[in-house]
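Here's the structure we're looking at; comments come further down.
All of the numbers you see were taken from the coordinates with simple rules; none came from a lab. Bear in mind the structure is a predicted one, so any value in this text is a computation, not a measurement. No Cβ is skipped: glycine too gets one built from the backbone with ideal geometry, and neighbour counts run over all protein chains shown.
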Amino acid sequence: MNHWPFVIASYAIVLLGTAAVIAGSYVAMRKSEAKADQLKKARK
C-alpha cells in the first residue's frame, strides 16, 4: 500500500492551516493598529 498520498495530503492540510492562521492574525493586527491610531488621534 502506497502511503505517499496520505503524507502529501497531511502536509497540504498543515500548510493551509498555517497560512489561514497567519492571514487571520495579520488581519486582526491591522484592525487593532487602525483602532489604536484612531484612539491616538482622538486624544490629541
Rg and Dmax of the chain, Cα atoms, in Å?
19.4, 68
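Ignoring everything except DSSP H segments at least 4 long, calculate the 222 nm mean residue ellipticity for the chain; use -39,500 (n - 2.57) per segment, divide by total residues, nearest 500.
-33500 deg cm²/dmol
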Could I have the simple spin-label model distance between V7 and K31, label points 7 Å from Cα toward Cβ, reported in nm to one decimal?
3.9
With Cα coordinates, the longest principal axis of the chain makes an angle with the long axis of helix 4-43, in degrees rounded to 10, of 0
